[in-house]
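The values are calculated or read from the model by the stated rules, or taken from the named source; none is laboratory data. No experiment lies behind these values; they were computed from the predicted model shown. Backbone-built Cβ (ideal geometry, glycine too); neighbour counts: all protein chains shown. SASA here: full protein model, heavy atoms, side chains in, ligands and nucleic acids out. Shrake-Rupley method; radii C 1.70, N 1.55, O 1.52, S 1.80 Å.
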Amino acid sequence: IAAFARGERAADPLAVLTVREREVLERLSRGWVYKEISNELGLSPNTIRTHVHRIYKKLHLRSKAEAIQRFGPAR
């Protein structure tokens, strides 16, 4: 809590994500659509939606475009 109060941030902002969420974000940042991600990872599109929603919440993102801009391959 003290670190948060001082405004310190974790060295890796992605550290708050699970391994699966990182896999989804990686593919999302490459421009993949939910169906492609679900086929690749063997999950349903609804599960991908849930992961994306949690990623946005944890990383304080509002859109796929923002995710690509902040965490895309060109980063």
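Descriptive notes on the structure:
- Rounded to the nearest 10 Å², the accessible area of Glu66 at probe 1.4 Å: 40
- Note on surface exposure: His60, His51 rank His60, His51 by accessible area, highest first, 1.4 Å probe.
- Between Lys35 and Leu14, the contour length at 0.36 nm per residue exceeds the Cα-Cα span by 5.2 nm.
- Separation of the Ser44 and Arg70 label points, Cα + 7 Å toward Cβ, nm: 2.9
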